Amino acid sequence: IRRKVLLVEDNELNVEITKKIVEEMNYTCDVAPDGLEAIKKIKEVGIDYFDIILMDIHMPKYNGYEISKILKTDMGVKTPIVALTATTLTNEIMRENSEYILDFIQKPFKPSDLQDKIKRVVCKDKDEELDSEKKHLLLMGESADRLNELKEKLLKRFDVAITTSVLNLIDEVEEN
């Protein structure tokens, strides 16, 4: 499955750089030069078409906060929005916009920081990509109930196998 990103950005240099970073992840990157174009594009393709929206905050006419609010409140867009901003972020700004904007990234950013942020946000909703990055874990102990409790807690981050006997341990290691 190829991930789809909507970049809402009015600065051509920022578009060029950000699009390149996103495409290096083998994601598709559509661009809207302003908030009104973003709304139009989402109406065209559907509210759940994109996996993530990267929203510039400072744009002409409507800022990224206003557009994010319209997308989430008026249009019912569920896609996570990550704000890209060059201004200083305060806890108050983040709190005021937390209903519409999932996360923030400060400009200028390192390509790897943007890629990590995108992966974390997209993988929150899409477990299959996360599954491919899971580490394998084998738990051994005397209490099957306790091992199962631990397994449940670890499943989101690890591929977990459990065993209560040394003989089964060898089989589990060979199998997995």
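Compared with the dominant principal axis of the Cα atoms in the chain, helix 35-45 is inclined by about 60°. For the residue pair LYS61 and GLU16, what label-to-label distance in nm results when each label sits 7 Å from Cα along the Cα-to-beta-carbon direction? About 2.5 nm, to one decimal.
Checking the cross-link pairs LYS78/LYS151; LYS20/LYS119; LYS20/LYS107 against a 22 Å limit on the alpha carbon distance flags LYS78/LYS151 as lying beyond it. The orientation-averaged projection of the convex hull spanning the C-alpha atoms of the chain amounts to 12.9 square nanometres. Relative to the longest principal axis of the Cα atoms of the chain, the long axis of helix 166-175 makes an angle of roughly 40 degrees. Compared with the dominant principal axis of the Cα atoms in the chain, helix 144-154 is inclined by about 20°.
Please work out the C-alpha center-to-center distance from the stretch 57-89 to the stretch 1-39 and express it in whole Å. Spelled out, the Cα-based centre of one part sits 14 Å from the other. Exposure check, 1.4 Å probe, all protein chains in place: HIS136 carries approximately 130 Å² of accessible surface.
Per residue, how much accessible surface does the chain expose to a 1.4 Å probe? Answer in Å², no decimals. Please list the in-between numbers first.
Values: 10930 Å² over 176 residues.
Roughly 62 Å² per residue, with all protein chains present.
Label separation (LYS151 vs GLU99): 4.3 nm, computed from points 7 Å beyond Cα along the C-beta direction.
Share of the chain's accessible area from carbon and sulfur, percent, 1.4 Å? List each step's numbers first, then the result.
On the way: 5400 of 10930 Å².
Carbon with sulfur: 49 percent of the solvent-accessible area.
Counting only heavy atoms of the protein chains and using a 1.4 Å probe, MET94 has close to 70 Å² of accessible surface.
The values are calculated or read from the model by the stated rules, or taken from the named source; none is laboratory data. Please read these numbers as outputs of a predicted model, since none were measured by experiment. Counting neighbours? That spans all protein chains shown, and the Cβs are built from the backbone with ideal geometry, glycine included. Just so you know, the surface numbers come from the protein's heavy atoms only, side chains and all, with ligands and any DNA or RNA stripped out. Shrake-Rupley method; radii C 1.70, N 1.55, O 1.52, S 1.80 Å.
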